1. Can you give the local net charge around residue 20? Use residues other than it whose beta-carbon is closer than 12 angstrom to its beta-carbon, Lys and Arg +1, Asp and Glu -1.
2. Trypsin sites (Lys or Arg not before Pro) within the range 137-184: which are DSSP loop residues with at most 13 other Cβ atoms inside 10 Å?
3. Please give the charge dipole size of the range 2-246, origin at the Cα centre, charges +1 on K and R Cβ atoms and -1 on D and E Cβ atoms. Round to the nearest 20 debye.
4. Could you list the trypsin sites (Lys or Arg not before Pro) in the range 1-64 that lie in coil according to DSSP, counting only those with at most 12 other Cβ atoms within 10 Å of their Cβ?
5. From largest to smallest, what semi-axes in whole angstrom does the chain give when each is the square root of 5 times an eigenvalue of its alpha carbon gyration tensor?
6. Can you tally the net charge around residue 114? Count Lys and Arg as +1, Asp and Glu as -1, for every other residue whose Cβ sits under 15 Å from the Cβ of residue 114.
7. List, in order, the whole-Hz ³J(HN,Hα) value for each residue of the range 151-160 obtained from phi through the Karplus relation with A = 6.51, B = -1.76, C = 1.60 and θ = phi - 60°; use x for Gly and Pro.
8. Going through the range 84-131, which GluC sites (Glu not before Pro) have at most 10 other Cβ atoms within 10 Å and a DSSP loop state?
Amino acid sequence: MFIAANWKMNLSKKSISYFIESLQSVEFSKTVNACIFPPSTYIDFLLNSIGKLPISVGGQNCHYELSGAFTGEISPLFLKDIGCTYVILGHSERRCFNNETNEDIKLKIQSAIKADLNPILCVGEKLIDREQGNANKFIKNQIIGCLPENLDKTFIAYEPIWSIGTGKIPNYSQISEMHKHIKEIVFDITRKNIKVLYGGSVNKKNISNILKIKDVDGVLVGGASLNVKDFLAIYSAAVKHLCENNNIEN
Ligand code: PGA
């Protein structure tokens, strides 16, 4: 079970210190992996603050080249070098505001894998695609366009664009159907199983029901992960879910 906290362009040194201090007395479970994705300027600070707490840290983006004349860019090797384990790639905000294409994202994923990072490939349809019955086709094209040759370390996050930051989520059968669809597409192409996270308006109220949905292997949380109480409520719901389902020992 994986809980990813995407802080986007939020928080400060002070609020990060408060966040991490609030985690010091928490008993973490081995069954739930948590990873925080802070703004890149705070990755090092966050890693130092986390110390021995069992929380991973990841980048929100990286460049498709490992090094070179790319002013202002961040190599996946840098992320690895300072202690990151994961990197989010293809988030809809980057596809939309930075015009990232499937081709760009595939190159970034391949580069992240070369740097020994675990990429989280984000895919998601617009509301119009869903309303017109094209969501499955749209997601299939995104996956085919972005999937790296060697995907062993890759996760996919299904994040319908219309659900991000809106408080609206697809109904549970739509999430279940899409996660199954994504797993089937990846299996058909690679003969490998992939873990699929759900993202889009996940919060402490809906987390328990989302985790009950078949084929949901974790969540990618934006807004609700900025508040440490909400983050912990989501984390605890995941631990409780696993205990109740006896999937793995706590
Ligand atoms: P949200 O964002 O939880 O605020 O909807 C999720 C995301 O963009 O990853």
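1. Local charge sum for residue 20: +2.
2. The qualifying sites are 168.
3. The dipole of the range 2-246 has a size of about 500 debye.
4. 30, 52
5. 25, 24, 17
6. -1
7. 3J(HN,Hα) across the range 151-160, in whole Hz: 9, 3, 9, 8, 10, 10, 10, 8, 10, x.
8. none
We did not get these values from a lab; they are worked out from the coordinates using the rules stated. Keep in mind that what you see is a predicted model, and the values were worked out from it rather than measured. Methodologically, a virtual Cβ is constructed for each residue, glycine included, from the backbone with ideal geometry; neighbour enumeration extends over all protein chains shown.
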